[in-house]
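Peer 1: Pasting in a structure now, in structure tokens, and then I'll have a few things to ask.
Each value in this text was obtained by applying a stated rule to the coordinates, not by laboratory testing. Everything numeric in this text was worked out from a predicted model, so none of it was measured. As a convention, Cβ positions derive from the backbone with ideal geometry for all residues, glycine included, and neighbour counts pool all protein chains shown.
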Amino acid sequence: MSSAATPAAGHDPHELDGVPEGILAHHYSSLAAQNEAVRLGMWLFLATEILLFAGLFAGYAIYRFQFPEAFAEASRHLDLSLGTLNTFVLITSSFTVAMAIHFARTDRKNLAVACLIFTIACALGFLGIKSIEYMHKFQEGALPGPYYAFKEVTAPGAPMYFTIYFLTTGLHAVHVIIGMSVLIVLTFKTANGRFSSKYYTGLELGGLYWHLVDLVWIFLFPLLYLI
Amino acid sequence: MAETYKPEAPAHRPAAQHDAHEHSATPYVVVWLVLCGLTLLTVMTGKQHLGAIALPLAIAIATTKSLLVLLFFMHLKEQKGIYGMIIFVSVLFALLLMGMTITDVATRFKPLSPAGAPFGSRVQLPDDAEGGDKPALEKEVAH
């Protein structure tokens, strides 16, 4: 990869000083160009994620419109205090991942690693709280579609509420697991000194994914828990 | 190319990424506190069940929170406008999707809307489950 380390003519020859070996792919003229391209790619991916969730939000809108009473009644059987706690956990994890990137780009590696570990702990906490909520719903029989057996809410449309509840929070939980896995890999890379003020784009992209997980929850929380 | 290297000339170094050491953490802390405050606000107003204003208010608070996350945590404020444009367009299409489907459902001939639970239930529900909006719908069909 010796060609990759050779800066192209017309670009800052010091651009790769202090940047780990093999970061710059040979088909980019400079690290700045590569950073812009990968960031653009990440935002495009996030756009597809928004559209993925948009389908579920549209389904939610249709059935909430058709069964407003059932949705309101079923919503009050969710555990609001656990949902609120999870919202704080996720917002705090979003903050700490932003801080991790901040510390990486100001060359404070240990603080960045500490922030990432805290973020991963928040992700585990979120999943733990979510599984307690799911457990309660399983025990009550508040299950999706034909498996619905929840005696307390019998209004027509209530099974659809729980179908949408499990689909949206389930898909969101999958994203939490993926985001957490990405953050674990990035924690090791940060600890190995891959990210610094010279180069932190990889960490930044992982952070962007985690913020998207937060963004989706920001809308899911009031729409599901506070009807 | 080695002769063009001038390590002692920082003026020629357009920072590989951003102005590293001048980057401040204060905005993150402020945004985090505001996000927590807005979460409390949405919980408090949501508990009141404010009627017609509840949903627009909840969505307004959620949109404000999202904008804060996008602009500060996701650095849209300090980066190229094209990234914001991508998100704007995808949100626009998400809103079109939701707006069009809701318009469809809202303007349907009422008896065409499902009267009961979309999938029914495998478990026998109590007798009062028969209530709901079924009688009203049957009346409209009769007309």
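Peer 1: Points 7 angstrom from Cα along the Cβ direction at A:E49 and B:V34: gap in nanometres?
Peer 2: Output for this residue pair reads 2.2 nm.
Peer 1: Find how many whole Å separate the alpha carbon centroid of the stretch A:150-202 from the alpha carbon centroid of the stretch A:88-111.
Peer 2: Centre-to-centre (Cα) distance: 18 Å.
Peer 1: Counting only C-alpha contacts under 8 Å and six or more residues apart, can you give the relative contact order of the stretch A:43-225 as a whole percent?
Peer 2: 32 percent
Peer 1: Tell me which trypsin sites (Lys or Arg not before Pro) from the stretch B:19-81 have a DSSP coil assignment and no more than 16 other beta carbons within 10 Å of their own.
Peer 2: Sites meeting the loop and neighbour criteria: B:K77, B:K80.
Peer 1: Could you work out the longest stretch of chain A that avoids the GluC sites (Glu not before Pro) located in DSSP loops with at most 16 other Cβ atoms within 10 Å?
Peer 2: Here the longest segment lacking exposed loop sites spans A:22-151.
Peer 1: What are the ³J(HN,Hα) values, in whole Hz, obtained from phi via the Karplus relation 6.51 cos²θ - 1.76 cosθ + 1.60 with θ = phi - 60°, for each residue of the stretch A:213-221 in sequence order, with x given for Gly and Pro?
Peer 2: Values per residue, Gly and Pro as x: 4, 5, 4, 4, 5, 4, 8, 4, 4 Hz.
Peer 1: Next question. Return the calculated 222 nm mean residue ellipticity for chain A, to the nearest 500 deg cm²/dmol, obtained by summing -39500 (n - 2.57) across DSSP H runs with n ≥ 4 and dividing by the residue count.
Peer 2: Estimated from H runs of four or more residues: -25500 deg cm²/dmol.
Peer 1: Right, here's the next one. Cross-link list A:K198/B:K80; A:K109/A:K130; A:K130/B:K47; A:K198/B:K65: which exceed 28 angstrom alpha carbon to alpha carbon?
Peer 2: Those over the limit are A:K109/A:K130; A:K198/B:K65.
Peer 1: Describe numerically, in nm with one decimal, the distance between label points set 7 Å from Cα along Cα→Cβ at B:K80 and at B:T64.
Peer 2: In this crude label model, B:K80 to B:T64 measures out at 3.3 nm.
Peer 1: Just how many % of Cα pairs in the stretch B:24-74 lie over 18 Å apart, if you round to the nearest whole percent?
Peer 2: Of the Cα pairs, 35 percent sit more than 18 Å apart.
Peer 1: Here's another thing I want to ask about it. Please work out the FRET efficiency for the pair B:H23 and B:V89, using the Cβ-Cβ distance as r and a Förster radius of 51 Å; give the result to the nearest 0.05.
Peer 2: 0.95
Peer 1: Give the residues of the stretch A:136-168 whose amide nitrogen is closer than 18 Å to a point set 7 Å from the Cα of B:L97 in the direction of its Cβ.
Peer 2: A:164-168
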